[in-house]
Every structure is written in structure tokens, then in C-alpha cells.
Amino acid sequence: MKILNMLPFLDKKEIDLLIDEVLEKKIELKLVHVLPYADEKKLDEVIDRALNDDSVLVYVSHLLPFLNQRQMNILYEAYQEGYIKSEKVCEGDILPFLSKDKIKEVFEKQLIKMKSEVKKEFESAFKEIRKSK
């Protein structure tokens, strides 16, 4: 019998053990198949390991559908601060899972950043014009 068929019938301890075995590469099974059965505490642990343990290969994009809003915010902040390597997730993966408030916050920050970049470009162009006169 395949383990995948057994997942709905396993208890918390068995699911936790299975997740640990997958994370430690002791068995070959895709984590994404087991995550729907994980509880919040285990998902917190998986996020922590994905962010802090380079030996654990977890594609953060696989976690996204299973995270609650608090976990999603932790993950997004870690991404913004550069704790998540770009090969593990990209902003486009995260955006659909953010709350409307968080998306608004991200938009406002991006708008400010873009305005600042345009301002720097204008200032640089004006300096070049002044130098050429």
C-alpha cells in the first residue's frame, strides 16, 4: 500500500514523523502531499526550517496554500528582509496569498521606492546637464 493513500488516516505523530523524514531526505516523498495534514505548530516548524536550515530543501511556494495569515506574514517579512533565497520563492508566488492590507502596504512601499528612483534619475540628469554647460 502506498503512503499517499494512508495520509488521511494517520494521526498527528505519524504526520509529524513523515514530514521530518521528508525534510531530512530520509524518504522520497513530496512534502506538498503531506502538508494538508499538518497542524499549525508543525507548519511553523517547517517554515522555520525552510528559512534557517540550508540543508533542508523546501520550496517555499509549496508551503503557501497551507499557511494561515500569521504564518504568511512571517514568511513575507522574511522574504522582504532577504532571509529567503530567491531560488526558494519569488514575490509573484507570495502575492496571491497576502491579505488585502498587506498588499496595500506592499503597493505603497513600492510606489515610494519608484518615486525615489525617478527623483534620483532626474537629479542625476540635471547634474550631467549642468556639467556639460
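The values are calculated or read from the model by the stated rules, or taken from the named source; none is laboratory data. Just so it is clear, the model here is predicted, and its values are computed rather than measured. Heads up, the Cβs are rebuilt from the backbone with ideal geometry, glycines too, and the neighbour counts pull from every protein chain shown.
Note on segment 29-47: residues that are of a type in the set (A, V, I, L, M, F, W, C) and under 16 Å from Pro8 (Cβ atoms) amount to 5. Scanning segment 22-55 for residues that are under 20 Å from Ile3 (Cβ atoms) and of a type in the set (A, V, I, L, M) yields Val22, Leu23, Ile27, Leu29, Leu31, Val32, Val34, Leu35, Ala38, Leu43, Val46.
Number of residues in segment 41-53 that are surrounded by 12 or more Cβ atoms within 10 Å (Cβ to Cβ) and more than 23 Å from Glu91 (Cα to Cα) equals 1. Of all residue pairs spaced 6 or more apart or on separate chains, none has beta-carbon atoms under 9 Å together with a first member in segment 90-110 that is in the same structural domain as Asn68 (by TED's automatic domain parsing) and farther than 22 Å from Tyr59 by Cα and a second member that is among the small types (Gly, Ala, Ser) and modelled with pLDDT under 85. For first residues located in segment 31-59 and in a helix (DSSP H, G or I), partners that are exposed (fewer than 14 other Cβ atoms within 10 Å of the Cβ) and at pLDDT 75 or above and lie 6+ apart or on another chain with Cβ distances below 6 Å form the pairs His33/Leu4.
Inspect all residues belonging to segment 54-76 and state whether any of them is of a type in the set (Ser, Thr, Tyr), closer than 21 Å to Gln110 by Cβ, crowded, with 16+ Cβ neighbours inside 10 Å and under 12 Å from the mean Cα position of the chain (by Cα). Yes: one or more hits. For segment 80-133, the candidate set comprises residues that are outside any helix (DSSP H, G or I) and modelled with pLDDT of 80 or more; within that set, the residue that is surrounded by the most Cβ atoms within 10 Å (Cβ to Cβ) is Leu98.
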